[in-house]
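*Asks:* Below are the structure tokens for one structure; questions will follow.
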Amino acid sequence: MNWQLIDQLRLRLNANGLPYEIPIHPQLVHLTLGLFILAIVFDIAGALFALEKPIFKFLGLPILRSGFFDVGWYNLIGAAFITFFTVAAGFFELLLANPPIDQKSVWGLTAGWTMLLHGLGGVLLLGAIAAMTVWRGLQRYRWRKDASRQVQWSYLLAGIAILGILFVHGTLGAQLGEEFGIHVTAAKLLQEGKNPNLLPK
Amino acid sequence: MPALSLNNQNLPYPDPLHPIVVHFVIAMVLFSFVCDVLGYFTRNVRLFEVSFWNMFVASAAIFIAVILGQFEAGLANIYPAVQPTLNFHTLMGWSLAAIVVGITAWRFVIRKRTPRKVPPAYLGAATFLVWLVCLQVYLGSKLVWVYGLHIEPVVQAMKQGVSP
């Protein structure tokens, strides 16, 4: 980012380049990923209900097929809701990032490319999750209201494809933190020649 | 003993796995609580089923999370400033494993006996659990984002002898 522009904002930035101690985006990512992955997994479990029924019976755990679809639906709503905040926080922190420019990730990408792809991917995934929620809602309340299998196979396939994109996208995001050290206080201190052991305990 | 071949982040695999597995503890415990509270006030009993399954997944995930956490802590560069936070995070991790499983068992009994209701006492216990999970997330985040455990520039600097 243009540092004169950032200075205009008059944010009190810490050593990590953020106006607060811990980045918010990675915390919200826990919620987006946990909720979305579980939404798809439980819909798959509902669709293949006959297969796991004996397993749960063996465990003595009563299961209801509609219950699995309820988890699929409500977890997806939760994921869609929280992901708006995840992406918003992500963009804020992306704008304040100050990565090393002479370094490449294990995927051979510069920090600039990794940030660009992760930013674009974030918007794409937000759109995909929102679209999946609308699609899922139509199946639940209109198209397959009285069907024993509430989700279409095409929906599940789309879900699995998005999980694949999430994996790539999440890895890019992890590389920003782990390899480039963006918004990591100890990494920034070392860069400035300071000792991270002087950090408060 | 054959040595593990470690990457630039001091890990035998590309990315730390503990922070990935904890998604399924953090998100599931928090969302289970949200569903129980919403279900309690809106009387939407479907949300109780959603709550139970989210706790069920959290219980399964937390053991994997704790074991991977111990493994990755063992491979981390622990400098003196990190130690108190790591000790606290470790103690909380093992305690949370027991607490999450205990509360899930309680949730299971509630689901079996009164599937259309959730007692306020449970909501109280779940509030306490949510608070503990948030504290644990804070501690874990501090290890990564402040102290830089398994963060490449920090690992490399320590290897080159910038030992604090």
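The values are calculated or read from the model by the stated rules, or taken from the named source; none is laboratory data. All of these numbers come straight from a predicted model, not from anything done at the bench. With ideal geometry, Cβ positions are generated from the backbone for all residues, glycine too; neighbour counts draw on all protein chains shown. When the accessible area is computed, the model is the full protein with side chains, heavy atoms only, and any ligands, DNA or RNA have been set aside. Shrake-Rupley method; radii C 1.70, N 1.55, O 1.52, S 1.80 Å.
*Asks:* Take the residues in the range B:145-160 that are more than 7 Å from chain A (Cβ to nearest Cβ) and in a helix (DSSP H, G or I); name whichever of them is least open to solvent (accessible area, probe 1.4 Å).
*Replies:* B:VAL155
For (1) modelled with pLDDT under 95; (2) farther than 25 Å from A:ALA79 by Cα; (3) among the hydroxyl-bearing types (Ser, Thr, Tyr); (4) not in a helix (DSSP H, G or I), each residue gets a yes or a no:
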{"site": "B:ALA60", "(1), (2), (3), (4)": "no, no, no, no"}
{"site": "B:ILE64", "(1), (2), (3), (4)": "no, no, no, no"}
{"site": "B:ALA73", "(1), (2), (3), (4)": "yes, yes, no, no"}
{"site": "B:ALA76", "(1), (2), (3), (4)": "yes, yes, no, yes"}
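*Asks:* Select from the range B:79-91 the residues that are without any contact (Cβ under 8 Å) to a residue 60 or more places away in the chain and outside any helix (DSSP H, G or I) and list them in ascending order.
*Replies:* None - no residue of the range B:79-91 is without any contact (Cβ under 8 Å) to a residue 60 or more places away in the chain and outside any helix (DSSP H, G or I), so the list stays empty.
*Asks:* Check off (1) open to solvent by 20 Å² or more (accessible area, probe 1.4 Å); (2) within 14 Å of chain A (Cβ to nearest Cβ); (3) more than 19 Å from the chain's Cα centre (by Cα) for B:GLY124 and give me the number that stays unchecked.
*Replies:* With respect to (1) open to solvent by 20 Å² or more (accessible area, probe 1.4 Å); (2) within 14 Å of chain A (Cβ to nearest Cβ); (3) more than 19 Å from the chain's Cα centre (by Cα), B:GLY124 is out only on (2).
*Asks:* Can I ask one more? Step by step: first the residues of the range B:4-34, then only those that are of a type in the set (A, V, I, L, M, F, W, C) and outside any helix (DSSP H, G or I), then the one that is nearest to B:ARG107 (Cα to Cα). Which residue is that?
*Replies:* Out of the qualifying residues, it is B:VAL22.
*Asks:* Follow-up question, since we're still on this one. Please indicate, with yes or no, whether at least one residue in the range A:149-156 is within 14 Å of chain B (Cβ to nearest Cβ) and not in a helix (DSSP H, G or I).
*Replies:* Yes, the range A:149-156 has at least one match.
*Asks:* Let me ask something additional. Condition test on A:GLN139, is it within 19 Å of A:LEU48 (Cβ to Cβ) and of a type outside the set (Phe, Trp, Tyr)?
*Replies:* Details: within 19 Å of A:LEU48 (Cβ to Cβ): yes; of a type outside the set (Phe, Trp, Tyr): yes.
So A:GLN139 fits the description; yes.
Condition check ((1) modelled with pLDDT of 95 or more; (2) under 15 Å from A:GLY72 (Cβ atoms)) across all residues:
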position: A:ARG142; (1), (2): no, no
position: A:GLN152; (1), (2): no, yes
position: A:ALA158; (1), (2): yes, yes
position: A:GLY170; (1), (2): yes, no
position: A:LEU189; (1), (2): no, no
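*Asks:* Kindly indicate whether A:GLY159 is open to solvent by less than 20 Å² (accessible area, probe 1.4 Å) and either under 27 Å from A:ALA111 (Cα atoms) or outside any helix (DSSP H, G or I) (or both).
*Replies:* So A:GLY159 fails the test.
*Asks:* Next question, about the same structure. Can you confirm whether A:ALA186 is crowded, with 21+ Cβ neighbours inside 10 Å, touching a Gly at 6+ places or on another chain (Cβ under 7 Å) and within 14 Å of chain B (Cβ to nearest Cβ)?
*Replies:* yes
*Asks:* Just a yes or no: is a residue in the range A:165-178 facing chain B (nearest Cβ under 10 Å), among the acidic types (Asp, Glu), surrounded by 18 or more Cβ atoms within 10 Å (Cβ to Cβ) and not in a helix (DSSP H, G or I)?
*Replies:* For the range A:165-178, residues facing chain B (nearest Cβ under 10 Å), among the acidic types (Asp, Glu), surrounded by 18 or more Cβ atoms within 10 Å (Cβ to Cβ) and not in a helix (DSSP H, G or I): absent.
*Asks:* Could you tell me how many of the residues in the range A:1-20 are open to solvent by less than 100 Å² (accessible area, probe 1.4 Å) and under 17 Å from A:GLY181 (Cβ atoms)?
*Replies:* 6
*Asks:* Output yes when any residue across the range A:24-42 is of a type in the set (Phe, Trp, Tyr), out of contact with any Leu (no Cβ under 6 Å at 6 or more places or on another chain) and without any contact (Cβ under 8 Å) to a residue 12 or more places away in the chain, and no when none is.
*Replies:* Taking the range A:24-42 first, the residues of a type in the set (Phe, Trp, Tyr) are A:36, A:42.
Then drop every residue that is not out of contact with any Leu (no Cβ under 6 Å at 6 or more places or on another chain), which leaves A:36, A:42.
Now drop any that are not without any contact (Cβ under 8 Å) to a residue 12 or more places away in the chain, which leaves none.
No: zero hits.
*Asks:* Mind counting the residues in the range A:56-85 that are within 8 Å of chain B (Cβ to nearest Cβ), aliphatic (A, V, I, L, M) and open to solvent by less than 10 Å² (accessible area, probe 1.4 Å)?
*Replies:* Adding up the residues that qualify gives 1.
*Asks:* Now a separate question. Exactly one condition in (1) within 14 Å of chain A (Cβ to nearest Cβ); (2) part of a helix (DSSP H, G or I); (3) closer than 25 Å to B:ASN8 by Cβ; (4) open to solvent by 50 Å² or more (accessible area, probe 1.4 Å) is not met by B:LYS112; state its number.
*Replies:* (3)
*Asks:* Quick one: how many residues across the range A:19-55 are aliphatic (A, V, I, L, M), in a loop (DSSP other than H, G, I, E, B) and facing chain B (nearest Cβ under 9 Å)?
*Replies:* Of the range A:19-55, the ones aliphatic (A, V, I, L, M) are A:22, A:24, A:28-29, A:31, A:33, A:35, A:37-41, A:44-45, A:47-48, A:50-51, A:55.
Checking the rest, the ones that are also in a loop (DSSP other than H, G, I, E, B) come to A:22, A:24, A:48.
Still in the running and facing chain B (nearest Cβ under 9 Å): A:22.
Going through the range A:19-55 one residue at a time, the tally reaches 1.
*Asks:* Among B:ASN87, B:ASN77, which is more than 20 Å from the chain's Cα centre (by Cα), open to solvent by 40 Å² or more (accessible area, probe 1.4 Å) and more than 9 Å from every other protein chain (Cβ to nearest Cβ)?
*Replies:* That would be B:ASN77, the only listed residue that is more than 20 Å from the chain's Cα centre (by Cα), open to solvent by 40 Å² or more (accessible area, probe 1.4 Å) and more than 9 Å from every other protein chain (Cβ to nearest Cβ).
Per-residue answers, yes or no, for (1) on the phi < 0 side of the Ramachandran plot; (2) under 14 Å from the mean Cα position of the chain (by Cα):
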| site | (1), (2) |
| --- | --- |
| A:GLY164 | yes, yes |
| A:ALA174 | yes, yes |
| A:GLY181 | no, no |
| A:THR185 | yes, no |
| A:ASN195 | yes, no |
| A:LEU198 | yes, no |
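*Asks:* Now for a separate question. Just wondering, is there one or more residues in the range A:119-132 that are in a helix (DSSP H, G or I) and at pLDDT below 95?
*Replies:* Within the range A:119-132, none of the residues are in a helix (DSSP H, G or I) and at pLDDT below 95.
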